[in-house]
1. Give a residue-ordered list of calculated ³J(HN,Hα) values for the range 118-124 (Karplus: 6.51 cos²θ - 1.76 cosθ + 1.60, θ = phi - 60°; whole Hz; x for Gly, Pro).
2. Work out the length of the dipole vector of the range 2-44 about its Cα centre, built from +1 on the beta-carbon of each Lys and Arg and -1 on the beta-carbon of each Asp and Glu, and round it to the nearest 20 debye.
Amino acid sequence: MKTEKDIEEFTKYIMKEANVEEPSTDFLNKVMNSVKLESELSKTRVYQPLISKSAWAAIAVGFIVLCFIIITGNFQDTVLIPNVHFTLFDQISSINLFERIHLSDTFTFGFVLFSFLVILQLIVIKNYFNKQRMI
């Protein structure tokens, strides 16, 4: 109990001795000038995204086509490139890295769903921050 009283008396003493700081007379003008300067600088800066909307559209279309090819499993019919024979790859037998890797249908479906949800989440977050910037 005594230590609590000592602490309380000490804090009262410190509070009495502490001086209250007051801002300078020109403080308000300085703050308002800096606010004006910041608002002028923000007006001159134009936001330009790193990846344009057309590039995002191309990426999305490519991703959708890739997902469609993976889901349907029709690799020969969907490719519009003429048949080119890569006999060099047949001669090199040591590069068969992906020959033993088989992805199950469950994994493929999960990957496509996960990718779709990530893209959806990015769109929602982007819209949220755009609305916050407008306010």
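1. Each residue's phi maps through the Karplus curve to give 5, 5, 4, 5, 4, 5, 5 Hz.
2. In debye, rounded to 20, the range 2-44 gives about 160.
FYI, it's all coordinate maths here, none of it is from the lab. Computed from a predicted structure; not experimentally measured. Backbone-built Cβ (ideal geometry, glycine too); neighbour counts: all protein chains shown.
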